Amino acid sequence: MKVGLDFRAVTAAPQSGVARQVLALYEGIRQRHDTQVLPFTAAPFDHPHRAKAVCPSFAGPVTGLHRPTERWRFERHFLPEAIGVHDIDVYVATVNMGLPMGLSAAQRRRTRWVLQLHDLFQITQRQRPTAAWRAAAYRVIDRFSIRHAVGMADAVWVPSDHTARTLIALLPQASERVRILPNAVPVDAWRCVQQDVFAPPRYWLVVGTREPRKNVRWFVAVWAQARERWPELIPSLVVVGHPDDVPGAPDGVRFVHGITDAQLASWYRQAERLWHPSVAEGFGLPVVEAAACGTPVATAWGSALDEVTPPGSPRFDPQDTAALLDLMHQVAAQRSGPADAPERLVQWARRFDLPAHAQRVDELLGELA
């Protein structure tokens, strides 16, 4: 079997959660017997990915591969011919959309098509603030692209039951083609990799600020109230994300951004606890990554967080300020409980480790063979 894999997320944003999932999928496919995997991406002429991936003859800007014009060039003018030239048996689009357009009936029959759908928030949630016309344009384009990819796919791989239910509610015709492929978290890698960071002696950690659904502004405001009320008890707060995403953040919040995976692992391991206040998650990767590092977590109720929170971890309503204040006080005073034991958290996280992920990928590709 020859599998083509959309590698654009790795080219454009190698430190992103989506890129980490594409790399895990790439390694999982490589482990299959009698299977060859070919990455497909766009890149500048001097980009190292051009030495190992199938690339168009035209250059693509790394920071602009998500733009509609660049996507059109890649998905309409490059992919149809390239997939045929390389005799691809299964092609996997990895960024919620991205299956080729303009295929002939013969081309569609020749290859099996897979869509890896991480979530549907591009069309169900308000994205980060931008010009109204731009937001409206992207919403229309994203809705069309996702519907096109879901309609064309022979299989839609989603990371959680929550995302599966959301997809089926929006597009019931896809119900028979939806399969669960949980995100991969390489536990031993997260436990071992490290790079020095200048961390406070005690701190809580939040990872991810880019979109309003992450709910970080509300969480930071509640933390500030708790810190003012119990200044000797409540730890410092470190937020992995850009400060521009959380305007009006109070003094004492430390933002770190542009960090490597090794630095992120160090921030995870040294944190007293990871808090994840998101109101909508397709999976909740930071929760499992923190657990893989042996770090306790506290998560909001709802969405996929109900599926990926270690048993016994503190939970909270992502809109109830008074309840979160009480929980912060309780957690800060207690520090940790039986459910927060590092060995227990690491063992729980192994259900998402690379061997389990590779086995599931093998099963899903076997269905398409």
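Of the listed requirements (1) of a type in the set (K, R); (2) out of contact with any Asp or Glu (no Cβ under 9 Å at 6 or more places or on another chain); (3) at pLDDT 90 or above, R139 misses just one: (3).
Right, H329: assigned to a helix (DSSP H, G or I) and in the same structural domain as A13 (by TED's automatic domain parsing) or not? Taking the combined requirement at face value, the residue does not satisfy it. The sole residue among G258, G282 that is of a type in the set (G, A, S) and in contact with an Asp or Glu (Cβ under 6 Å, 6 or more places away or on another chain) is G282.
Conditions tested, residue by residue: (1) touching a His at 6+ places or on another chain (Cβ under 7 Å); (2) crowded, with 16+ Cβ neighbours inside 10 Å.
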{"site": "L5", "(1), (2)": "no, yes"}
{"site": "S16", "(1), (2)": "no, no"}
{"site": "I29", "(1), (2)": "no, yes"}
{"site": "L38", "(1), (2)": "yes, yes"}
{"site": "V54", "(1), (2)": "yes, yes"}
{"site": "F58", "(1), (2)": "no, no"}
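For region 176-200, filtered to residues that are touching a helix residue (DSSP H, G or I) at 6+ places or on another chain (Cβ under 9 Å) and exposed (fewer than 13 other Cβ atoms within 10 Å of the Cβ), the residue that is farthest from L305 (Cα to Cα) is D196. Out of all the residues in region 82-89, is one or more hydrophobic (A, V, I, L, M, F, W, C) and closer than 22 Å to G366 by Cα? Checking region 82-89: at least one residue is hydrophobic (A, V, I, L, M, F, W, C) and closer than 22 Å to G366 by Cα. Counting residues in region 128-150 that are over 19 Å from V253 (Cβ atoms), assigned to a loop (DSSP other than H, G, I, E, B) and in contact with a His (Cβ under 9 Å, 6 or more places away or on another chain) gives zero. Scan region 99-107 and tell me whether some residue there is at positive phi and either surrounded by 13 or more Cβ atoms within 10 Å (Cβ to Cβ) or not β-branched (V, I, T) (or both). Within region 99-107, one or more residues are at positive phi and either surrounded by 13 or more Cβ atoms within 10 Å (Cβ to Cβ) or not β-branched (V, I, T) (or both).
May I ask you to verify whether A349 is part of a helix (DSSP H, G or I), in contact with a Leu (Cβ under 9 Å, 6 or more places away or on another chain) and buried (at least 23 other Cβ atoms within 10 Å of the Cβ)?
The answer is no for A349.
When restricted to residues that are touching a helix residue (DSSP H, G or I) at 6+ places or on another chain (Cβ under 8 Å), in a loop (DSSP other than H, G, I, E, B) and of a type outside the set (D, E), region 201-237 contains 7. Residues being at pLDDT below 95, loosely packed, with under 14 Cβ neighbours inside 10 Å and either on the phi > 0 side of the Ramachandran plot or of a type in the set (A, V, I, L, M) (or both) are represented in region 109-132 by at least one member.
Mind listing just one residue for me: the one in region 74-88 that is farther than 15 Å from W113 by Cα and crowded, with 17+ Cβ neighbours inside 10 Å and, of those, nearest to the chain's Cα centre (by Cα)? Selected residue: F74.
Residues considered: R67, R8, R50. Of these, the only one that is more than 21 Å from H357 (Cβ to Cβ), modelled with pLDDT of 95 or more and either within 22 Å of the chain's Cα centre (by Cα) or not assigned by TED's automatic domain parsing to the domain that holds G208 (or both) is R50. From the list W267, W223, the lone residue that is crowded, with 21+ Cβ neighbours inside 10 Å, among the aromatic types (F, W, Y) and within 24 Å of Q195 (Cβ to Cβ) is W267. Taking region 157-207 as the range and being under 16 Å from the mean Cα position of the chain (by Cα) and within 30 Å of Q107 (Cβ to Cβ) as the test, the residues that pass are W157, V158, P159, T163, A164, I180, L181.
Here's the yes/no breakdown for (1) under 24 Å from F121 (Cα atoms); (2) in contact (Cβ under 8 Å) with a residue 40 or more places away in the chain:
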residue	(1), (2)
T260	no, yes
F283	yes, yes
A290	yes, yes
D326	no, no
Q330	no, no
D353	no, yes
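The values are calculated or read from the model by the stated rules, or taken from the named source; none is laboratory data. What you see is a predicted model; the values in this text were computed from it and never measured. Cβ sites come from the backbone with ideal geometry, for glycine too, and all protein chains shown count toward neighbours.
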